[in-house]
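Working notes, beginning with the structure itself.
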Amino acid sequence: MNGTPIRGDFRSDTLTVASHAMREAMATAEVGDDVYGEDPTVNRLQEHVAGLTGKEAALFLNSGTQSNLSAVLAHCQRGDEFIIGREYHIFLNEAAGAAAFGGASPWPVEVDSNGSLAPDDVRAAVRESDQHHPVSRLLCLENTVNGCVQPVELVDKLAATGRDCGLAVHLDGARLFNAAVACGVDITAFLDHVDTVSLCLSKGLGAPAGTVLAGDRATIDRAFRARKMLGGGMRQVGHLAAAGLHALEHNIARLADDHARAERVAEGLRAIDALSLTQDTNMVWVTPPAEHHDDLVAHLESEGLLGIFWKPTMRFVTHLDVDDAQVESLVDSFTRFFDSRN
Ligand SMILES: Cc1ncc(COP(=O)(O)O)c(C=O)c1O
């Protein structure tokens, strides 16, 4: 970036910084030692999320990764297998924690271009009971997948299929609120046949850290032990829980604004013939012609506009700290770059 001031940071919705009102809530939070179960704000957050998800209990964790891993450890024994979409975060981007810490191995199943698993493929992936086989124990779903909404009916069918096959079902809902807002439903619509759901507070919802795992009491008790093992027992962490509560109280419905801005980015870039792109919820994926990729990245960076510049496809994410003017700057910057090449 060579010291260029950042005019729009579209790399991820994890980049938001706490608003003034969120900081007030954090500063004034009533706290206690959460390892003793004595932090009233953490307890309030956990009860609130249990209510939002319609589950018996919930647990506040450091991160989405720690929450997913605690869930897998709560569901699986060593030698068990979990069925998961090949593109899903737990499989690709969580450092094989389930295998490293829990001795549970993933069985990745192909997903379609929307990130969706097919119920028949899930059924086919379940092992027959045989001394040679790992024990199929868990189905891991995700919503959204790379920004793509997994529709209610599909999630329901997949989860019901998992249960029918004797599996527990975990949903990595790092961005489940984005899916719910996009579908105009409550998050409980996705959760009828889901045993545990992980909800990140630090992505579109805008808290600086934290994820909540919800499920039945016995599973959450096992996840609580796993969290301790993973070094996730924290002390006066109500300051962070207060940020999470603030996020849940103020920042769910406004995810629709992020989606509208991502649509506007997509609309603007679709006017450029050279680009191919997809957009869903708050993510826009753009593939420029290979010969222009590096120059385009240099051009955007020189204007202080950041995405994640993977090759061949780059990603732009809208979030709380992206406004309409930044969206127009991004579209304008792309447009000028390709105009100058015609
Ligand atoms: C779908 C999904 N699940 C889980 C995570 C992990 O969250 P964290 O970065 O808080 O560990 C991410 C992070 O980006 C994610 O995108």
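The values are calculated or read from the model by the stated rules, or taken from the named source; none is laboratory data. Everything numeric here is computed off the predicted structure, so don't read it as measured data. Note that each Cβ is placed from the backbone with ideal geometry, even for glycine, and that neighbours are counted across all protein chains shown.
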Tell me, yes or no, whether segment 204-220 has at least one residue that is closer than 17 Å to Val122 by Cα and of a type outside the set (Asp, Glu). no
Of Val72, Val42, Val109, Val35, which residue is at pLDDT 95 or above, outside the structural domain of Ala262 (by TED's automatic domain parsing), out of contact with any helix residue (DSSP H, G or I) (no Cβ under 7 Å at 6 or more places or on another chain) and of a type in the set (Val, Ile, Thr)? Val35
Please determine whether any residue of segment 116-126 is farther than 23 Å from Thr219 by Cα, at pLDDT 95 or above, in the same structural domain as Cys148 (by TED's automatic domain parsing) and of a type in the set (Lys, Arg). yes
Can you go through Gly215, Gly232, Gly238 and tell me which one is within 16 Å of the ligand (Cβ to nearest atom) and either farther than 25 Å from Ala100 by Cα or buried (at least 18 other Cβ atoms within 10 Å of the Cβ) (or both)? Gly232
List every residue pair whose Cβ atoms sit under 6 Å apart, with the two residues 6 or more apart in sequence or on different chains, where the first one lies in segment 203-225 and is of a type in the set (Phe, Trp, Tyr) and the second, anywhere, is within 15 Å of the ligand (Cβ to nearest atom). Phe224/Leu59
Tell me whether segment 2-25 contains one or more residues that are touching a strand residue (DSSP E or B) at 6+ places or on another chain (Cβ under 7 Å), closer than 20 Å to Asp221 by Cβ and either crowded, with 17+ Cβ neighbours inside 10 Å or touching a residue at least 60 places away in the same chain (Cβ under 8 Å) (or both). no
Wholly enclosed helices (runs of 4 or more DSSP H) of segment 1-108 bearing at least 2 residues of a type outside the set (A, V, I, L, M, F, W, C): 20-27, 40-53, 64-75, 97-102
Filtering segment 183-202 down to residues that are within 12 Å of the ligand (Cβ to nearest atom), of a type outside the set (A, V, I, L, M, F, W, C) and more than 10 Å from Gly173 (Cβ to Cβ) yields Ser202
Of the residues that sit in segment 87-105 and are away from the ligand (no atom under 14 Å from the Cβ) and touching a residue at least 24 places away in the same chain (Cβ under 8 Å), which one is surrounded by the most Cβ atoms within 10 Å (Cβ to Cβ)? Ala104
Filtering helices (runs of 4 or more DSSP H) wholly in segment 136-237 for at least 2 residues that are closer than 23 Å to Val31 by Cα, in the same structural domain as Glu110 (by TED's automatic domain parsing) and more than 13 Å from the chain's Cα centre (by Cα) gives 217-229
